[in-house]
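Worksheet: the structure to be examined is printed underneath.
The values are calculated or read from the model by the stated rules, or taken from the named source; none is laboratory data. Not measured: the values here are computed from a predicted model. Using ideal geometry, Cβ is built from the backbone for each residue, glycine included, and neighbour counts are taken over all protein chains shown.
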Amino acid sequence: MTRHRYKPMLAKEAKAPFTDKDWLFEVKWDGFRAIAYIDDEVSLRSRNQKELLTSFPELEELKHQHKGTVLDGEIVILSKGKVNFQALLERSTASTNDIARQAATAPAAYIVFDVLEKDAKPILDLPLLERKKILKETLKETSNVLLEDYVEEKGEVYYEAVMQKGLEGVMAKKKNGKYEPGARTGSWLKIKKIRTCDCVIFGYTKGAGARKTTFGALILGLYGKDGNPVFVGKVGTGFSNEMLKNLLEKFEKLTTDAAPFEVDIAEQVTWIKASFVCEVGYQVVTQDGRLRMPRYLRLRSDKHPKDCTTDQLGEELLKAYAEKRDFIASSEPPAAQEKITSGEAKIFVVQEHHARRLHYDFRLEKDGVLKSWAVPKGIPATPEDKRLAVQVEDHPLDYAKFEGTIPEGQYGAGKVIIWDRGTYEAKVWDEKMVEVILDGKRLKGRYALVPLKRAGKNNWLMLKAKD
């Protein structure tokens with residue numbers, strides 16, 4: 001018999017936290033939504049019905065749960081009590097060997113918050129509190145399968161506690177609500193802390209469907225430390241039909257053939273002169289400097305485009321770095337430490353890192369941080385050498401001076417030695433290539449980094465280019 005596949009129930013947005021005796025509240029996790037089907041075989045399906053067990057084999061332990069059960073929950077990778085969404089993204093594009101390694105070193109957890117079937121019988125029409133009771137009686141918690149906790153009534157107090165822990169937000173759910181697959185009825189509400197950024201509008205994509213006569217999304221950028229614009233993403237939500245028409249009228253007077261940066265976007269882009277600033281809400285900044293889940297909020301006529309710099313994202317760019325480290329145990333520089341200055345010349349550094357496996361960390365100063373790659377086999381010495389370079393989290397500028405031993409039990413434990421350091425000139429820096437001329441004690445000349453998209457999002461090839 002073919003198993004019925006459910007679409008997950010959806011939530012509307014609430015403007016603010018609230019207190020109400022008819023509601024319960026639980027953590028909103030920033031992960032991958034998944035519905036688990038437990039029969040003789042186990043299946044873990046995404047919103048678009050993709051099988052997720054291939055990417056998260058550690059969740060095969062769901063097979064020990066009660067047969068004939070359908071569960072709803074969120075897949076997360078936790079680091080010090082917080083969700084590491086970047087690790088989830090890396091897992092979803094990793095090779096089979098990398099998935100096995102990551103599952104061992106940074107295992108995922110499936111946090112279960114609802115039950116849709118018990119003993120192969122649908123229970124969607126039961127009130128939420130009754131389903132919660134059945135779930136608690138049925139679910140066997142393990143190291144990778146966890147039961148979502150909740151509180152009743154006191155949503156405002158709970159929201160403040162969740163925000164203090166640095167989590168994404170809170171879900172509010174009606175206690176007597178049914179489970180309505182694929183529906184967004186208002187019985188579930190999401191209450192999130194929204195980060196905002198003032199971005200320059202550099203262009204827009206061609207509209208389609210209902211937006212055929214207006215535009216699809218705005219192309220957003222910020223000005224870097226060197227004064228050049230950098231792409232931070234596109235935003236296509238948050239507009240009314242009237243906004244779309246009014247904005248397009250403004251843009252059509254400012255079109256230009258000059259692209260401020262390269263973008264890897266399939267849609268046709270119309271570029272405009274940098275005259276408008278908009279405020280955008282977003283969740284986090286990804287490792288490659290993009291705004292995740294952006295939403296248009298408003299135009300900022302009070303702000304000049306040149307005032308919209310990457311400094312706005314400074315703390316976010318170093319969030320992954322800070323979350324992985326205990327700065328009491330380790331002498332590594334914290335993310336908030338005062339930045340070093342290097343004049344007009346940009347710093348590069350190569351650190352010999354005696355971690356579990358010896359590798360070399362190649363770092364380039366850009367936008368107030370050190371863009372970083374781990375090079376397992378060392379920096380290429382000749383143009384014939386081609387070396388894998390894995391992009392890792394951004395590091396603070398002060399890391400360019402760091403030497404010492406990271407204690408056992410800490411992230412990257414082992415001895416760190418500065419192997420080379422100097423300045424560099426960027427010849428090309430876009431999504432297709434980073435090409436620089438290094439001027440260090442050991443390394444001099446032209447080097448290039450090229451992304452290996454088929455080998456995973458963070459895998460690059462490092463080359464010594466011919467001078």
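Side notes on the structure shown:
- Exactly one residue out of Val235, Val170, Val200, Val230 is touching a residue at least 12 places away in the same chain (Cβ under 8 Å), over 19 Å from Arg298 (Cα atoms) and not assigned by TED's automatic domain parsing to the domain that holds Val151, and it is Val230.
- Scanning region 115-143 for residues that are crowded, with 18+ Cβ neighbours inside 10 Å, under 31 Å from the mean Cα position of the chain (by Cα) and not in a helix (DSSP H, G or I) turns up Val115, Leu116, Leu139.
- Within region 221-237, the set of residues being surrounded by fewer than 16 Cβ atoms within 10 Å (Cβ to Cβ) and either among the polar types (S, T, N, Q) or in contact with a Phe, Trp or Tyr (Cβ under 8 Å, 6 or more places away or on another chain) (or both) comprises Asn228, Thr237.
- Remark: Lys178 falls outside the filter, which requires a residue to be touching a His at 6+ places or on another chain (Cβ under 7 Å) and outside any strand (DSSP E or B).
- Residue match in region 58-75 (condition: surrounded by 19 or more Cβ atoms within 10 Å (Cβ to Cβ), of a type in the set (Val, Ile, Thr) and either out of contact with any strand residue (DSSP E or B) (no Cβ under 8 Å at 6 or more places or on another chain) or at positive phi (or both)): no
- Qualifying residue in region 54-64 (condition: among the polar types (S, T, N, Q) and closer than 30 Å to Val390 by Cβ): yes
- Which numbered condition Arg446 misses (of (1) surrounded by fewer than 16 Cβ atoms within 10 Å (Cβ to Cβ); (2) under 23 Å from Phe261 (Cβ atoms); (3) of a type outside the set (A, V, I, L, M)): (1)
- Among the conditions (1) surrounded by fewer than 14 Cβ atoms within 10 Å (Cβ to Cβ); (2) touching an Asp or Glu at 6+ places or on another chain (Cβ under 9 Å), the only one that Glu403 does not satisfy is (2).
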